[in-house]
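Working notes, beginning with the structure itself.
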Amino acid sequence: MQPASRTPWWLWPNLLNLDSSLLAVIWQEQFARIADVSLGWGERVLLFCCTWLVYCADRALDAAESGGQTETARHAIQLRGKPIWLGVSAAVLVVALVLAVMRLNSRAWLGGGVVLVFTAAHFGATHWWPALRSRFWPKEWHVGFVFSVGCALLVWSQSPSAWPSLLLPVLGFGALCAMSCSHITAWEVVTADRDDPDSLLNAHPGFVRRLSWLDIALGLSAMAAAAALGQAAVQFALLSVGISAFGLAWLHDRCDRFSTDFLRVTADFGLYTPLLFFVFNG
C-alpha cells in the first residue's frame with residue numbers, strides 16, 4: 001500500500017469510514033421526509049456513530065485476518081495507528097450509547113435489536129463461523145438491505161404508521177446498496193472472495209456478469225414506481241434510486257479505465273443522490 005502522504009485527497013473520506021456514515025444520514029433524512037418526521041441532531045449523530053463503528057469494526061477484523069498482507073488501502077490504514085483507532089472508537093461508542101439512552105423510544109430499541117442481530121450474523125458469517133454463510137444470499141445483498149433498514153429505523157420508531165409509505169423506498173435503497181456492494185466485490189476481487197466457494201463471485205457468476213443490466217433494470221423499475229406514485233417525497237426517493245442505479249451501470253461499463261479505489265469512492269458518492277432533491281426542494 002502507498003504511504004499515507006501519497007494518498008489522494010478524495011480517498012480519505014473512504015479510508016476514515018466517513019462516506020458510508022454520511023450516506024446513512026442522507027438517506028435517513030430522505031426517509032424522514034417521506035414519514036413527515038422532524039429529526040433532531042441527536043438522531044443524526046447516533047446513526048452516524050453507529051454506522052461508523054460497524055464499518056470500522058468490519059475493516060479492522062478484515063485487516064487482522066489478513067496477517068499484515070492487506071489488499072486495499074482501507075484495510076491497510078487499519079493496521080497503522082491501532083491505539084488511535086481504538087481510542088477514537090471508544091469515544092464514538094460512548095457518544096452513541098449516551099445518545100441512545102437519551103433519544104431512543106421502546107420501538108427504536110426493539111428495532112435496533114433486530115438490526116443488531118442481522119449485523120452480528122454478517123460479522124459471524126464473514127469472520128468467525130463460515131457455516132453461517134449462504135451461497136443463496138451473499139454478504140453483499142445482506143449488507144445492502146440491513147444498511148437500508150438501519151437508515152429508516154429511527155424514522156419508523158417515531159412514526160410507525162408511515163411504514164406503508166416507507167416500504168418501497170427502503171426496499172429500493174436496499175437493492176441499490178446491494179448492487180453497489182456487488183460492484184465493489186466484482187471490481188476488487190480480493191483473495192477472500194476469490195477463494196470462497198460461497199462468495200458472490202463464485203456462487204453467482206451470472207449475476208456478476210449482468211451487473212450493468214441489473215442496474216438498468218433497477219433504475220427503470222424505480223423510475224416507473226416513482227411515476228406511478230403520488231407522494232412527492234416517495235417519488236424523490238425512488239428517483240434517487242433510479243439515478244444512482246443508472247450511474248452504477250455507466251461506471252461499471254467503464255471500470256477498466258479507473259483504479260479500484262476511484263471506482264469504490266465514486267460508487268459510494270453516487271448514492272448521495274437525495275441531496276439533489278434536498279437542494280432544489282428545500
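The values are calculated or read from the model by the stated rules, or taken from the named source; none is laboratory data. Values in this document were obtained by computation on a predicted structure and should not be read as measured data. Cβ: placed from backbone, ideal geometry, glycine included. Neighbour counts: every protein chain shown.
Filtered by the rule that a residue be outside any helix (DSSP H, G or I), closer than 23 Å to Q235 by Cα and in contact (Cβ under 8 Å) with a residue 40 or more places away in the chain, region 5-50 gives D36, V37, L39. Look at D215 and say whether it is acidic (D, E), at pLDDT below 95 and crowded, with 17+ Cβ neighbours inside 10 Å. Against the criterion (acidic (D, E), at pLDDT below 95 and crowded, with 17+ Cβ neighbours inside 10 Å), D215 does not qualify. Contact map, region 168-183: first residue touching a residue at least 40 places away in the same chain (Cβ under 8 Å), second residue surrounded by fewer than 24 Cβ atoms within 10 Å (Cβ to Cβ) and among the polar types (S, T, N, Q), Cβ cut-off under 6 Å, separation 6 or more or different chains; pairs are V170/S148; F173/S148; C177/S148. Region 113-198 holds helices (runs of 4 or more DSSP H) entirely within its bounds, and those carrying 2 or more residues that are modelled with pLDDT of 80 or more and buried (at least 20 other Cβ atoms within 10 Å of the Cβ) map to 139-158, 163-188.
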